[in-house]
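Worksheet for the structure shown next.
Laboratory data are not the source of any read-out in this text; all were calculated from the coordinates shown. Please read all numbers here as calculations on a predicted model, not as lab measurements.
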Amino acid sequence: MKKDRSYIFDSFALLKLFQKEQGYKKVFSLLAYVEKKKLVKYLNAINLGEIIYITKRVFGDQKKLETLANVERLRFTILPATNDLIFEAAEYKAKYSISYADCFVVASALEHDAVVVTGDPEFKKVEHLLDIEWI
């Protein structure tokens, strides 16, 4: 685990957790660590949308509602997609070949000096920019 800083969770990590896929125990442990240390845990609104649509598409409305309840229960600080963040994410999208949603994680992590929690290999292209806790 990285030093005591805030953490931002990518949709990749949270989908692993909610679906109990490989790597979910590491995400669970990180969430427990963050809670114990009273650190801030962020989720960008764009990534929340990604979690919602993927869960609905794969599992349906009931699972989507359960997932939203889990996000609420975990008390993430949801970061809005402000104009400044949109423009910053667009710059990362233009410079690096990663998904636009992932660019919001990068921009948010840098803005809030947060460690990114992910297992998404796309982040290897930007790991020189930020700290990543790989799952």
Inset, instruction - Identify which of the listed values of Kirkwood radius over Cα pairs in Å was calculated from the structure shown: [x] 15.9; [y] 14.9; [z] 16.8. - result: [y]
Legend entry - Reach of K95 by Cα under 15 Å, taken over aspartates and glutamates that are not fewer than 8 positions away in the same chain: E122, E127
Inset, instruction - Using Cα positions and a limit of under 25 Å, work out the lysines in reach of K26, with same-chain residues fewer than 8 apart set aside. - result: K2, K3, K16, K36, K37, K38, K41, K56, K63, K64, K124, K125
Legend entry - Span-like helix ranges in the chain, DSSP H, alpha carbon extent 24 angstrom or more, Kyte mean at least -1.0: none
